[in-house]
Amino acid sequence: MGIYQFGQSVSRIFLSTSYKVEIIGKENIPDTGATILCCNHIHNFDPPLLGAYIQRQLHYMAKQELFEKPILKGLLPKLGAFPVRRGMSDKQAIRTAMKLLKEGKMIGLFPEGTRSKNGKLGKGLTGAGFFALRTDAVVIPCAIIGPYRTFKSLKLVYGTPIDFSELRERKASAEEATEVIMTEIKKLIEEHELKS
């Protein structure tokens with residue numbers, strides 16, 4: 001068992017014993033090929049939750065500051081993370097994400113760029129739309145429906161892929177593409193909150 005798989009197992013055990021985790025829509029994730037998971041962001045546990053219950057390895061951006069901590073610096077890359085400088089256009093992070101997608105891998109993005117302070121869905125940044133338009137990746141909207149309360153229900157919903165063919169064909173803006181992604185995430189939250 002590799003470090004990533006070990007990390008997944010530890011995350012699953014912790015999350016499943018701490019919360020009543022319900023995973024919906026795993027079948028929407030392709031077995032292979034470039035894939036982008038775009039999810040709302042409400043808690044520090046969102047990144048491990050997003051990847052803990054699926055077979056494929058998930059690569060995701062993590063804030064640069066985490067890679068400056070001695071233990072995490074060596075561990076995070078093995079867990080699929082790569083650094084991003086927040087509050088600016090980080091060309092190295094963009095290149096890394098594009099390379100991973102060209103290699104047919106899966107990345108996880110939190111389009112809001114940071115955790116929501118009130119649990120409500122915020123405005124998406126253009127990065128998610130940029131990657132969706134510039135690659136042929138399958139784009140999956142995801143929703144984490146909490147809050148994270150011990151022994152209480154916690155839902156993770158993987159939605160159906162968003163069809164970006166028309167937006168790619170007419171060279172839509174990254175802003176427009178991100179808006180489409182955020183609308184789909186919002187729909188998932190609203191649909192599954194009603195059933196909570």
Sparse-neighbourhood loop hits (GluC sites (Glu not before Pro), segment 89-196; DSSP loop; Cβ within 10 Å at most 14 others) -> GLU103
Given trypsin sites (Lys or Arg not before Pro), DSSP loops and at most 15 other Cβ atoms within 10 Å, the longest exposed-site-free stretch of the chain is 1-55
Dividing the helical contributions, -39500 (n - 2.57) per DSSP H run of n ≥ 4, by the residues of the chain yields a 222 nm value, nearest 500 deg cm²/dmol, of -12000 deg cm²/dmol
With the 1.4 Å probe rolled over protein heavy atoms, segment 31-99 has an accessible area per residue in Å² of 54
In the neighbourhood of ILE94 defined by beta carbon distances under 12 Å, the net charge of the other residues (Lys, Arg +1; Asp, Glu -1) is +4
The answer for chymotrypsin sites (Phe, Trp or Tyr not before Pro) in segment 77-179 that fall in a DSSP coil and have at most 10 neighbouring Cβ atoms within 10 Å is PHE151
For segment 121-196, the Cα-Cα pair-distance distribution in 5 Å bins from 0, as whole percents, is 3, 16, 24, 21, 15, 10, 7, 3, 1, 0
Given unit charges at Cβ for Lys, Arg (+) and Asp, Glu (-), the dipole magnitude of segment 115-196 about its Cα centre in debye, nearest 20, is 560
Once both label points are put 7 Å beyond Cα along the C-beta direction, the THR160-ARG115 separation in nm becomes 3.4
The FRET efficiency for ARG12 and THR183, from their Cβ-Cβ distance with R0 = 30 Å and rounded to 0.05, is 0.50
Violations at 24 Å Cα threshold for listed pairs LYS120/LYS155; LYS123/LYS155; LYS152/LYS186; LYS26/LYS171; LYS120/LYS187; LYS73/LYS105 -> LYS26/LYS171
Measuring from its Cα centre, segment 9-102 shows a charge dipole (+1 at each Lys and Arg Cβ, -1 at each Asp and Glu Cβ) which, in debye to the nearest 20, is 360
Note to self: C-alpha centroids of segment 122-141 and segment 152-196 sit apart, in Å, by 10
Magnitude of the Cβ-charge dipole (Lys and Arg +1, Asp and Glu -1) of segment 42-196 about the Cα centre, nearest 20 debye, reported as 600
The answer for the net charge of residues other than ASP136 whose Cβ lies under 10 angstrom from its Cβ, with Lys and Arg +1 and Asp and Glu -1, is +3
Excluding residues fewer than 8 positions from LYS69 in its own chain, the lysines with Cα under 24 Å of it are LYS78, LYS91
The simple spin-label model distance between LEU75 and ILE54, using points 7 Å out along Cα→Cβ, in nm, is 2.3
Descending accessible area (1.4 Å probe), largest on the left, turns VAL139, VAL84 into VAL84, VAL139
For Cα extents along the principal axes in Å the list reads (1) 59, 35, 28; (2) 47, 43, 33; (3) 47, 33, 25; the calculated value is entry (2)
For SER153, the residues 5 or more places away or on another chain with a placed amide H closer than 5 Å to its own amide H are LYS20
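The values are calculated or read from the model by the stated rules, or taken from the named source; none is laboratory data. Just so it is clear, the structure is predicted and the values come from calculations on it, not from any experiment. Using ideal geometry, Cβ is built from the backbone for each residue, glycine included, and neighbour counts are taken over all protein chains shown. In case anyone asks, the SASA skips ligands and DNA or RNA and just uses the protein heavy atoms, side chains included. Shrake-Rupley method; radii C 1.70, N 1.55, O 1.52, S 1.80 Å.
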